[in-house]
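I have placed the structure first, in the form of structure tokens, so that the comments after it can refer back to it.
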Amino acid sequence: MKYDTCFSAEKLLVNSLEIEMDKINVSRRTVLAVGGTSLATVLLQRAALAQGTGPIRIGVLIPLTGSTSQFGASMGKAAQLAVEEINAVGGVRGRKIEVVVEDDQSTPEAAVRAARKLIDVDKVIAICGTYASAVTSAVAPLCWEAKVPLFTASGADSITALPHQGYIFRTQPTTFLQGTRVGQFALELGAKNVFFMGPQTPFAQSYLDTVSATVAKAGGTGGGLIYEDKKASYRSEVDRALKANPDAIVLGGYVPDTAVVIRDLFRAGYDKRRIGFSFGVNSKLLEAAPADLLEGVYSLVGSAAVSSQTYKRLTAKLKVDSADAYTCQVYDHINVVALALAAGGGNMNGLAIHGSVRGITQDPAGKAVDSAAEGLKLLANGTKVNFDGASGP
């Protein structure tokens with residue numbers, strides 16, 4: 001009897017929502033295959049989305065597993081914190097924000113599948129947080145073709161050289177900027193002959209060229225090699241590097257290959273300057289390699305806006321002493337999307353974001369704000385804003 005009652009209610013629901021099903025491409029056969037309770041929830045949610053009255057969905061594509069996962073969990077928490085702050089002041093134009101988090105598994109293949117789901121199934125209006133440059137390069141075409149803005153913390157110069165039609169927004173310093181600073185740091189340590197070693201990635205050649213050019217400009221010698229990823233040994237590559245007699249080696253890989261390179265350098269007796277990046281030399285590497293192999297290795301990372309109030313608020317809410325730049329960037333991504341939507345003239349889509357991002361982040365005439373919660377109130381009153389977040393301008 002209970003089943004018959006539910007089925008009758010389900011039939012009534014299906015009949016009442018026929019027009020909405022037509023709008024959102026849900027077939028009657030598919031609907032009847034779903035249980036009564038979940039059916040009501042799913043259909044009402046999707047009908048609301050189709051009518052522009054449901055929550056605004058923002059995709060968060062981050063590495064929760066795999067070789068670049070050291071920052072993923074923190075990035076996800078920061079995104080959720082941003083959403084909670086925005087919703088606490090009423091959302092954007094009266095609509096709440098909802099994040100849909102997907103794991104890119106640190107691989108382009110998994111990232112493409114996840115991005116396709118976010119765009120086609122979840123109907124997100126933007127995707128935030130992509131970290132590895134190979135992941136960003138893979139999903140970027142999906143985003144600009146669907147007019148879904150992509151906000152990325154990837155550094156490869158090639159990303160914004162793609163024909164992205166203004167739908168790709170990078171908040172991470174480029175590899176040119178980073179590579180220049182790494183070369184300068186090696187010189188500051190007294191190095192004269194600097195050698196770069198890194199896997200085949202979208203940023204490797206740019207790093208090699210930039211570091212070498214920076215050192216050569218100062219009168220030193222630069223060089224390097226790019227190796228195949230995921231090898232059990234890099235001894236032959238290490239031998240090639242040591243033939244150049246470098247007094248500093250820049251480690252340009254992620255944790256798995258950096259651990260192997262560090263080991264092979266140690267076995268070859270190399271004990272001079274070794275400089276890595278936070279994506280390869282971090283707490284995960286400490287777990288993967290003995291401490292004596294890592295003694296004296298430097299790790300460099302782009303800094304967040306550590307003196308800003310929004311950074312201090314974010315770290316307090318995350319309950320950490322400090323937050324990495326990538327976590328701060330994804331927090332800012334969500335804030336920027338919300339402000340761009342609010343400034344977009346009433347449209348709640350990627351086109352509105354595309355047209356208003358620079359207006360709310362680079363307008364010297366706008367009132368300085370460091371949170372969407374503050375900026376949304378000002379925009380509602382017709383006041384221009386200029387957002388600087390936890391990761392900087």
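The values are calculated or read from the model by the stated rules, or taken from the named source; none is laboratory data. The structure displayed is predicted, hence computed values, not measured ones. Every residue, glycine among them, receives a Cβ derived from its backbone with ideal geometry; neighbour counts consider all protein chains shown. Note: accessible area is taken over every heavy atom of the protein model, side chains too, but ligands, DNA and RNA are not part of it. Shrake-Rupley method; radii C 1.70, N 1.55, O 1.52, S 1.80 Å.
Between 62, 56, the distinction of being modelled with pLDDT of 95 or more, within 16 Å of residue 126 (Cβ to Cβ) and touching a Lys or Arg at 6+ places or on another chain (Cβ under 6 Å) belongs to 56 only. Does any residue of the stretch 124-146 turn out to be under 23 Å from residue 248 (Cα atoms) and under 17 Å from the mean Cα position of the chain (by Cα)? Taking every residue of the stretch 124-146 in turn, none turns out to be under 23 Å from residue 248 (Cα atoms) and under 17 Å from the mean Cα position of the chain (by Cα). Being more than 30 Å from residue 242 (Cβ to Cβ), surrounded by fewer than 24 Cβ atoms within 10 Å (Cβ to Cβ) and out of contact with any Gly (no Cβ under 6 Å at 6 or more places or on another chain) is a property that holds for residue 170. Contact map, the stretch 225-238: first residue surrounded by 12 or more Cβ atoms within 10 Å (Cβ to Cβ), second residue modelled with pLDDT of 95 or more and acidic (Asp, Glu), Cβ cut-off under 9 Å, separation 6 or more or different chains; pairs are 225/237; 227/237; 231/237; 233/264; 234/264; 235/264; 237/264; 238/264. Could you list, in sequence order, the residues of the stretch 257-272 that are open to solvent by 70 Å² or more (accessible area, probe 1.4 Å) and not aromatic (Phe, Trp, Tyr)? Hits for the stretch 257-272 are 267, 271, 272.
Rundown of residues vs (1) more than 20 Å from the chain's Cα centre (by Cα); (2) among the small types (Gly, Ala, Ser); (3) open to solvent by 40 Å² or more (accessible area, probe 1.4 Å), yes/no style:
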position: 152; (1), (2), (3): no, no, no
position: 162; (1), (2), (3): no, no, yes
position: 174; (1), (2), (3): no, no, no
position: 205; (1), (2), (3): yes, no, yes
position: 211; (1), (2), (3): yes, no, no
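The criterion of at least 2 residues that are open to solvent by 40 Å² or more (accessible area, probe 1.4 Å) is met by the following helices (runs of 4 or more DSSP H) wholly inside the stretch 283-393: 283-288, 291-294, 309-318, 350-361, 372-380.
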